[in-house]
1. Among (1) more than 17 Å from Glu81 (Cα to Cα); (2) part of a helix (DSSP H, G or I); (3) at pLDDT 90 or above, where does Ser113 come up short?
2. Under 8 Å between Cβ atoms, which residue pairs at least 6 apart in sequence (or on different chains) link something in segment 127-139 that is under 18 Å from Thr182 (Cβ atoms) and touching a residue at least 60 places away in the same chain (Cβ under 8 Å) with a partner that is among the polar types (S, T, N, Q) and buried (at least 23 other Cβ atoms within 10 Å of the Cβ)?
3. Going through Val125, Val202, Val143, Val178 one at a time, which residue ends up being aliphatic (A, V, I, L, M) and either out of contact with any strand residue (DSSP E or B) (no Cβ under 6 Å at 6 or more places or on another chain) or over 29 Å from Ser99 (Cβ atoms) (or both)?
4. Checking the condition out of contact with any strand residue (DSSP E or B) (no Cβ under 9 Å at 6 or more places or on another chain) and acidic (Asp, Glu), which residue from Asp104, Asp131, Asp137 passes?
5. Starting from residues that are within 16 Å of the chain's Cα centre (by Cα) and aliphatic (A, V, I, L, M), keep the ones in segment 118-134 and report whichever is surrounded by the fewest Cβ atoms within 10 Å (Cβ to Cβ).
6. Check off (1) hydrophobic (A, V, I, L, M, F, W, C); (2) closer than 22 Å to Phe72 by Cα; (3) touching a residue at least 60 places away in the same chain (Cβ under 8 Å) for Ala85 and give me the number that stays unchecked.
7. Counting only residues that are under 26 Å from Ala85 (Cα atoms), among the aliphatic types (A, V, I, L, M) and at pLDDT below 95, give me the strands (runs of 3 or more DSSP E) lying completely in segment 118-210 with at least 2 of them.
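The values are calculated or read from the model by the stated rules, or taken from the named source; none is laboratory data. Bear in mind that the values here come from a model prediction, so they are computed numbers and not experimental data. Cβ placement follows ideal geometry from the backbone for every residue including glycine, while neighbour counts extend to all protein chains displayed.
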Amino acid sequence: MPLKKLKKRLFIPVLFGLCSCVTQEGVLQLDTGKLVLSPTGEMSRVMDTVPSTTHASTDTPLDMVEQLRRDFTANDLYYHECMVAPKKCDVTRISAPNSPQRADLTRRVRDFSVANIHARTGSGVALIRIDSLTIIDANNAMVNTCSYNSIVMVDGGATDSPVDDIIFNNTVASYLSVWMLTLDNGVWKIYSWTTSMTKFNVDQCGFPKP
């Protein structure tokens, strides 16, 4: 398929994938912290001052809840690393086997790699806050988040230099999302997600201004 046609076909997955927009399932995000893509291109986590609410039965060990928080945070961090370098992404690290998330992320990473599309380092921020954690049973959990994303996706062109980069998607938006996770070999991984509210060019989460 010609690259030009492939890029047209890819625009919708990016809008609904990277930015977690309306009711599409896939993607990942973070926890009571924020992920910030710094000007140097490195990911750093800054703890949010907004407390999270944990919904878990009295029979659920607190360390299980904390593991869910840690794994979800790690999943989100690695997802953004995948967007910076899709060709190096191992989707099995963050998506549950035989899940909508695994299929969506596999397809996105493959298509981005072929078209040389990736996140531009230093272009924006990916902020996320966990609003609640729910342990459903021993193998299933739910996480509610509010997130804000302004990272720019680019077509890297024929060279490694940013000089020939072309803007592929520069959508700025914030989202209220629900993530379903399952345990895979002792690690919480994303099974699917849905977004209940999307606002463009607005931070509906109220993150502190830089």
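1. So the condition that Ser113 fails would be (1).
2. Going by the 8 Å Cβ cut-off, the qualifying pairs are Ile130/Thr145.
3. Val202
4. Asp137
5. Val125
6. In the conditions (1) hydrophobic (A, V, I, L, M, F, W, C); (2) closer than 22 Å to Phe72 by Cα; (3) touching a residue at least 60 places away in the same chain (Cβ under 8 Å), Ala85 misses (3) alone.
7. Where strands (runs of 3 or more DSSP E) fall fully within segment 118-210 and carry at least 2 residues being under 26 Å from Ala85 (Cα atoms), among the aliphatic types (A, V, I, L, M) and at pLDDT below 95, they are 153-155, 166-169.
Residue by residue, here is whether (1) under 24 Å from Thr121 (Cα atoms); (2) surrounded by 14 or more Cβ atoms within 10 Å (Cβ to Cβ); (3) polar (S, T, N, Q); (4) at pLDDT 95 or above holds:
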{"site": "Thr54", "(1), (2), (3), (4)": "no, yes, yes, no"}
{"site": "Leu62", "(1), (2), (3), (4)": "no, no, no, no"}
{"site": "Ala74", "(1), (2), (3), (4)": "yes, yes, no, yes"}
{"site": "Leu77", "(1), (2), (3), (4)": "yes, yes, no, yes"}
{"site": "Cys89", "(1), (2), (3), (4)": "yes, yes, no, yes"}
{"site": "Thr92", "(1), (2), (3), (4)": "yes, no, yes, yes"}
{"site": "Ser99", "(1), (2), (3), (4)": "no, yes, yes, yes"}
